[in-house]
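Here's the structure, in structure tokens; my notes come after.
The values are calculated or read from the model by the stated rules, or taken from the named source; none is laboratory data. All of these numbers come straight from a predicted model, not from anything done at the bench. Methodologically, a virtual Cβ is constructed for each residue, glycine included, from the backbone with ideal geometry; neighbour enumeration extends over all protein chains shown. Side chains included, ligands, DNA and RNA excluded: accessible areas come from the protein's heavy atoms. Shrake-Rupley method; radii C 1.70, N 1.55, O 1.52, S 1.80 Å.
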Amino acid sequence: MQITNRIHFRNLRGDIFGGLTAAVIALPMALAFGVASGAGPAAGLYGAILVGFFAALFGGTPTLISEPTGPMTVVMTSVIAQMIASQDGDRVAGLALAFTVVVMAGIIQIALGALKLGRYVTLMPYTVISGFMSGIGIILIILQTAPFLGQKSPAGGVIGTVTNIPNLIANIQPIETFLAVLTIAILVFSPKQINKYIPPQLSALVIGTVVSLIFFGNVEGIRRIGEIKAGLPQFVMPTIEPGLFQTMLIDALVLGMLGCIDALLTSVVADSLTRTEHDSNKELIGQGIGNIVSGLFGGIAGAGATMGTVVNIQTGARTALSGLTRALILLVIVLWAAPLTSVIPLAVLAAIALKVGVNIIDWSFLKRAHKVSPKAALIMYGVIILTVFVDLIVAVGVGVFVANILTIERLSNLRSEEVKTVTDADDAIILNDVERDLLDRANNRVLLFQLEGPMIFGVAKAIAREQTAMKDHDVLILDLSEVPHMGVTSSLAVENAIKEAIDNNRHVFIVGAAAKIKQRLQKLGILNMLPPHHVVETREEALRQALSLVNYRSNDVTNYPTTGFNETAMG
């Protein structure tokens, strides 16, 4: 297997232009997410460079652009605040712990890729994904409210901000709020013709900064980024405190899993645009390497970014050279142009991040969820509320659990409808002429018990319910020819049906059991309860043997043994 991503020079022009365009978009976003996370603008830039470079180099999606994203920033904000609080406000020590969490998240992503679990990461109900992403968007909006209004974010995260909204409004800073509103207006109303050449985020960043300097340059109190030290990032030694290890591990799991979902969903978008197929497991390894390096050098965590990826592809990129180009361009900016960013108002960056939060919300599904399914809508709204006001892990866990339970219930009801008992030709619409004739000649003494489709555990009740139909019959035929899978619970329900039949001196046949199903029945000891010739391949064969047994019993031969009978001896 090739270690690096797909890289060649046959599409050099498209890849370079794609990387250049993606870098232009990444600059304002990286600054905004760095400030929003609490790590600072430099951490956002380092994250965009390091995650972007190494994920592109070692990932499995050639055109994917990786960088700090809105969802990852929301989690990073919580992690950083938590770690700094654990160190009694010591910012340096707290950030060292937070960056260690990023490294741990990268290790988790590599482990998931190495164990080839990539294709399973995104296997969760859309209602949960939609609610989770919308909740993250709402969190991002709430957290940017204070800087949008020209003030420092209050302590306490989402709850702290919500409870302080009256104070924030009372102490609004008109100039900074004006700059934030101007930024939003540019992002929303910028003409599409201009957006083709200049991304609206960059336009908003430049215009907002220029306006602040020209019209409010002499006004004191406008909060700005401040100088970013030019040069290469410094190594940050990973730090783990035993008392915080469990908290750090949980944070790393959340960050790592969210990064996996974010990246792989974006990879699917890239596949649809390029008509290619990404390597999920390799992509997770690349994302993990990128986050490990980012954490080691003071960068915030990142993942696949949909906006950057789409623009990269539309500009002509087709290989990972575009992602490498983008990272190198950002590195040049950090090395030589970082001081130019010092005058950027924080309110402008807050507005850019707030608009990202608005875009993350799944407005399309929010409008239609209640029309599609009331239960789906309730799950989505429940996940949103839990995400915003409780915890990300709790939200996903509860959402997936409830959605899966409802899905299992629906599947069980559908599968239960396929549990049929057939006693005569009027019912036997599934039988051919020969089978119908044999069943008619049995005079309702043979019960054909037909199962269809995957027998999940929810079907066990239906199997048990149909057992009541056996009391007036001499022979039970279990038709498993249309069953591709039988779970343990359903297998045990079948065992109970067979045991009850044998205990009541009835003969039992099993028809058409596939190899895996037969193996399971054998391991459970169910086949040992029957004579070998009662496990047959076709219904016709089972019906012929059953008819012989019925005729034999009608001749007043009672208490005939249910095992060891050889019908061929009867002629």
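Things to note:
- Lone unmet requirement of (1) of a type outside the set (Gly, Ala, Ser); (2) within 28 Å of GLY226 (Cα to Cα); (3) part of a loop (DSSP other than H, G, I, E, B) for VAL332: (3)
- When residues of the range 539-555 are limited to those that are in contact (Cβ under 8 Å) with a residue 40 or more places away in the chain and either closer than 16 Å to LEU451 by Cα or not in a helix (DSSP H, G or I) (or both), the one most open to solvent (accessible area, probe 1.4 Å): ARG539
Yes/no per residue for (1) more than 22 Å from ALA146 (Cα to Cα); (2) touching an Asp or Glu at 6+ places or on another chain (Cβ under 6 Å); (3) among the β-branched types (Val, Ile, Thr); (4) not in a helix (DSSP H, G or I):
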{"residue": "GLY14", "(1), (2), (3), (4)": "yes, no, no, no"}
{"residue": "LEU27", "(1), (2), (3), (4)": "yes, no, no, no"}
{"residue": "ALA30", "(1), (2), (3), (4)": "no, no, no, no"}
{"residue": "ALA42", "(1), (2), (3), (4)": "no, no, no, no"}
{"residue": "TYR46", "(1), (2), (3), (4)": "yes, no, no, no"}
{"residue": "THR61", "(1), (2), (3), (4)": "yes, yes, yes, yes"}
{"residue": "MET76", "(1), (2), (3), (4)": "no, no, no, no"}
{"residue": "GLY94", "(1), (2), (3), (4)": "yes, no, no, no"}
{"residue": "ALA111", "(1), (2), (3), (4)": "yes, no, no, no"}
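- Close pairs (8 angstrom Cβ cut-off, 6 or more residues apart or separate chains): assigned to a helix (DSSP H, G or I) and basic (Lys, Arg) in the range 511-523, at pLDDT below 85 and open to solvent by 70 Å² or more (accessible area, probe 1.4 Å) anywhere: LYS516/HIS485; ARG520/VAL488
- Near pairs, Cβ below 6 angstrom, 6+ apart or cross-chain, from the range 336-360 (touching a residue at least 12 places away in the same chain (Cβ under 8 Å)) to any residue that is surrounded by fewer than 24 Cβ atoms within 10 Å (Cβ to Cβ) and assigned to a strand (DSSP E or B): VAL343/ARG224; PRO345/ARG224
One line per residue, one yes/no per condition, for (1) open to solvent by 50 Å² or more (accessible area, probe 1.4 Å); (2) assigned to a helix (DSSP H, G or I); (3) acidic (Asp, Glu); (4) within 30 Å of ALA185 (Cα to Cα):
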{"position": "LEU354", "(1), (2), (3), (4)": "no, yes, no, yes"}
{"position": "SER364", "(1), (2), (3), (4)": "yes, yes, no, yes"}
{"position": "ALA376", "(1), (2), (3), (4)": "no, yes, no, no"}
{"position": "THR387", "(1), (2), (3), (4)": "no, yes, no, yes"}
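- Index of the failed condition, SER490 passing every other in (1) outside any helix (DSSP H, G or I); (2) surrounded by 15 or more Cβ atoms within 10 Å (Cβ to Cβ): (1)
- The single residue among LEU213, LEU182, LEU249 that is under 27 Å from VAL75 (Cβ atoms) and among the aliphatic types (A, V, I, L, M) turns out to be LEU249.
Listed here are the residues, each with its yes/no results for (1) at pLDDT 95 or above; (2) open to solvent by less than 10 Å² (accessible area, probe 1.4 Å).
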| residue | (1), (2) |
| --- | --- |
| LEU50 | yes, no |
| PHE53 | yes, no |
| THR61 | no, yes |
| SER66 | yes, yes |
| MET72 | no, yes |
| GLN87 | no, no |
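- Subset of the range 141-175 that is under 16 Å from GLY357 (Cα atoms) and modelled with pLDDT under 90 - its residue that is most open to solvent (accessible area, probe 1.4 Å): GLY157
- Test: LEU140 is in contact with a Gly (Cβ under 7 Å, 6 or more places away or on another chain) and within 30 Å of ILE172 (Cα to Cα): yes
- The one condition in (1) open to solvent by 10 Å² or more (accessible area, probe 1.4 Å); (2) closer than 16 Å to VAL475 by Cβ; (3) touching a strand residue (DSSP E or B) at 6+ places or on another chain (Cβ under 6 Å) that GLY512 fails to fulfil: (2)
- Residues in the range 113-139 that are without any contact (Cβ under 8 Å) to a residue 60 or more places away in the chain and either in a helix (DSSP H, G or I) or at positive phi (or both): TYR120 alone.
- Filtered residues of the range 283-312 (kept if open to solvent by 10 Å² or more (accessible area, probe 1.4 Å) and part of a helix (DSSP H, G or I)): ILE285, ILE289, ILE292, VAL293, LEU296, THR306, MET307, VAL310, VAL311
- Check on ASN528, modelled with pLDDT under 85, out of contact with any Ser or Thr (no Cβ under 9 Å at 6 or more places or on another chain) and open to solvent by 10 Å² or more (accessible area, probe 1.4 Å): no
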